[in-house]
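Let me begin by handing over the structure; questions about it come next.
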Amino acid sequence: MEKRITKKELSAIVNDAYEHCRKIKEGNNASYIPYLAKENSDLFAISLCFVDGDTINVGDYNYIFGMESISKVATALLILKEYGCETILNMIGADATGLPFNSIMAILLENNHPSTPLVNAGAIAAVSMVSPVGNKEQKWKAIYENINALCGGHTELIDELYHSEALSNFNNRSIAWLLKNYNRVYDDPELSLDLYTKQCSLGVTNEQLSTFAATIANGGVNPRNGTRIFESRLSAKIISMMASVGFYEHSGNWLFSSGIPAKSGVSGGVMGVLPGLFGISAFAPPIDNAGNSVRAQAAIKYIMEKSGLNIFDGCSVRIDD
């Protein structure tokens, strides 16, 4: 069965979602990171980028905010490109923990395994694998340039956020050294932790996040500039990771209610991928108890429900101009 929808219809749905969800006041800013705690909680944006490069934007879509855990998707792709899928399965894994994103217990329950590059332990391990080992400047260059390529433009380090996180990342420091104890971090743990903190503190716009998502949806080709960033076969691999753990312990509920694989960050960003069609992102700082933006979740769910699109329904979809 084929579903058909026009870009004009989708644009109307996106605008309706913005008006419908902008009044939602539930959730609170991430209080454990001082920079995020003081961010304007009324900020709100929705962006959609089609695989042909066309975009829909509404709200504060040019506001720069920290990538936080959405950056994990980019570094997972970087090491998938470098090492291949089997090596990543052996050295990190791809299993959902069913536990909070910063869980120490998950490492022990998974037989000392980081589980997946999309939780903190696996993300620190992923950063440690980026080449060249031991060279902080070159590793950062590789991480930074990869994120810029995926987003289709310049991103900038938010120094205040970086220092704010570096002074409060005691739990992540424990994770890094526990991984070292089990030989599951593959470079200096402090260097790896610092670069992980730094990538989380990169500032992006919501429009850039939708381009990032659309690059995945487009089989590794950035739809805004036509540049191939990664091999098409890796799209299915990273989308599967996003589907299984993108919302941490709420991932199953998210997929059930939205029908789109997505990844969230505690700054309030959510980035979703509908393969072959578009990438979508939404941003609003107040988060729920699992670290996922309340307003951004509601907006994307609204769009998916009103458009009738769902990755699991087995229908082919045609988007007309």
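The values are calculated or read from the model by the stated rules, or taken from the named source; none is laboratory data. Note that the structure is predicted; figures quoted are calculated from it, not measured. For neighbour counting, all protein chains shown are included, and Cβ atoms are generated from backbone atoms with ideal geometry for every residue, glycine included.
For the condition under 16 Å from Gly203 (Cα atoms), among the aromatic types (Phe, Trp, Tyr) and modelled with pLDDT of 95 or more, what is the one hit in Tyr83, Tyr61? Full working, then the answer.
Details: Tyr83 fails: under 16 Å from Gly203 (Cα atoms).
Every option except Tyr61 fails the conditions.
Next up: How many of the residues making up the range 3-17 are within 10 Å of Ile56 (Cβ to Cβ) and either touching a helix residue (DSSP H, G or I) at 6+ places or on another chain (Cβ under 8 Å) or surrounded by 15 or more Cβ atoms within 10 Å (Cβ to Cβ) (or both)?
Count: 5.
Can you tell me which condition Tyr248 does not meet? The list is (1) touching a Pro at 6+ places or on another chain (Cβ under 9 Å); (2) free of Cβ contacts under 8 Å to residues at least 24 places away in the same chain; (3) hydroxyl-bearing (Ser, Thr, Tyr), and all the others hold.
(2)
Let me ask another. Show me the strands (runs of 3 or more DSSP E) found entirely inside the range 249-321 where at least 2 residues are closer than 24 Å to Lys25 by Cβ. Steps first, answer last, please.
On the way: elements: 262-264, 269-274, 278-283, 316-320.
Because the criterion is at least 2 residues that are closer than 24 Å to Lys25 by Cβ, the strands (runs of 3 or more DSSP E) in the range 249-321 that meet it are 262-264, 269-274, 278-283.
Kindly indicate which of Ala12, Ala17 is of a type in the set (A, V, I, L, M, F, W, C), free of Cβ contacts under 8 Å to residues at least 60 places away in the same chain and in a helix (DSSP H, G or I). It would help to see each step written out before you state the result.
Working: Ala17 fails: free of Cβ contacts under 8 Å to residues at least 60 places away in the same chain.
Being of a type in the set (A, V, I, L, M, F, W, C), free of Cβ contacts under 8 Å to residues at least 60 places away in the same chain and in a helix (DSSP H, G or I) holds for just one of Ala12, Ala17, which is Ala12.
Residues in the range 210-234 that are closer than 15 Å to Leu118 by Cβ and outside the structural domain of Gly291 (by TED's automatic domain parsing): how many? Spell out how you get there, then give the answer.
Keep residues of the range 210-234 that are closer than 15 Å to Leu118 by Cβ, which gives 212-213, 216, 234.
Checking which are outside the structural domain of Gly291 (by TED's automatic domain parsing) leaves us with 234.
The total comes to 1.
Same structure again: Which residue, of Leu234, Leu191, is assigned to a helix (DSSP H, G or I), aliphatic (A, V, I, L, M) and under 18 Å from the mean Cα position of the chain (by Cα)?
Numbers: Leu191 fails: under 18 Å from the mean Cα position of the chain (by Cα).
So the residue among Leu234, Leu191 that is assigned to a helix (DSSP H, G or I), aliphatic (A, V, I, L, M) and under 18 Å from the mean Cα position of the chain (by Cα) is Leu234.
Just checking, which of Ser257, Ser264, Ser307, Ser251 is in the same structural domain as Pro34 (by TED's automatic domain parsing) and modelled with pLDDT under 95? Please lay out each step first, then the result.
Working: Ser257 fails: modelled with pLDDT under 95; Ser264 fails: modelled with pLDDT under 95; Ser307 fails: modelled with pLDDT under 95.
Every option except Ser251 fails the conditions.
If you don't mind, there's one more thing I want to ask. Restricting to the range 163-194, give me the number of residues that are touching a Lys or Arg at 6+ places or on another chain (Cβ under 7 Å) and surrounded by fewer than 23 Cβ atoms within 10 Å (Cβ to Cβ).
So the first thing to find is which residues in the range 163-194 are touching a Lys or Arg at 6+ places or on another chain (Cβ under 7 Å), and the list is 189, 191, 193.
Subset that is surrounded by fewer than 23 Cβ atoms within 10 Å (Cβ to Cβ): 189, 191.
Counting residues in the range 163-194 that are touching a Lys or Arg at 6+ places or on another chain (Cβ under 7 Å) and surrounded by fewer than 23 Cβ atoms within 10 Å (Cβ to Cβ) gives 2.
So, restricting to helices (runs of 4 or more DSSP H) that lie completely within the range 32-92, which ones have at least 1 residues that are of a type in the set (Lys, Arg)? Break it down stepwise before answering.
Details: elements: 34-37, 71-83, 85-91.
Correct list: 71-83.
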